[in-house]
Amino acid sequence: MLRLGLTGGIASGKSAVAAMLRELGFAVLDADSLAHRLIEPGRPAYAEVLQEFGQAVLAPDLRVDRAKLSAIVFADRARLDRLNAIVHPRVAEVVFRQFEEWQRGGTRDAALVEAALLIESGIHKKLDGLVVAWCEPEQQLGRLLVRGLSEAEARRRIAVQLPVEEKLLLATEKIDCSGSLEETRRQVEALAAKLRRNRTTR
């Protein structure tokens, strides 16, 4: 079983590619959602996040308010790095445990982990390949504005991630998400066919 990463800049089309791969029968783990669960009360990273960022990041129900936490970390790179240092190792542990379970369960083609910070966290170094979804920076900005972010906040979030050019240098496969969804789907279907051919030749 190939263990692949799927990444891309914020609002680059990564989640759409992941959904298409799931529709085509591939196992895809959403590491960003996993990271959110790890900071829930009683979960591994909760106490450490509170120790680092204080009670100010809590909602009335004592869960971490991700909007408050985001406002802090996206305004201060050092705080963002600290949050990532708390969360990323725990995410990696769960990701590779899930890969082992899928392999034992008979997954044969490829399984993927989808994460915005796959390269920044270093997880990509332990994978068999990296699929990078990308689009033009102005498209990222436009998509984030549609999601309700201010232009300043959108630019700040794009700026803290590794530039797309650097991600593409590490890619074993690239999906251009700058066109229509159908154009993206054709590329994903071609990737799926390639992964299945690779299985039959191994």
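The values are calculated or read from the model by the stated rules, or taken from the named source; none is laboratory data. What you see is a predicted model, and the numbers here were worked out from it, not measured in a lab. Neighbour counts run over all protein chains shown; Cβ positions are idealised from the backbone, glycine included.
Among the residues of region 168-180, just one is under 18 Å from Leu141 (Cα atoms) and outside any loop (DSSP other than H, G, I, E, B), namely Asp176. Contact annotation: residue pairs with Cβ atoms under 7 Å, 6 or more positions apart or on different chains, pairing a residue in region 187-199 that is under 14 Å from Lys174 (Cα atoms) with a partner that is of a type in the set (Asp, Glu), are Gln187/Asp176; Leu191/Glu173; Leu195/Asp109.
Condition check ((1) crowded, with 20+ Cβ neighbours inside 10 Å; (2) in contact with a Leu (Cβ under 8 Å, 6 or more places away or on another chain)) across all residues:
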| residue | (1), (2) |
| --- | --- |
| Leu118 | yes, yes |
| Lys125 | no, no |
| Val132 | yes, yes |
| Cys135 | yes, no |
| Gln140 | yes, no |
| Leu149 | no, no |
| Pro163 | no, no |
| Leu170 | no, yes |
| Ser178 | no, no |
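Screening region 137-179 for residues that are of a type in the set (Ser, Thr, Tyr) and modelled with pLDDT of 95 or more and picking the one that is farthest from the chain's Cα centre (by Cα) gives Ser178.
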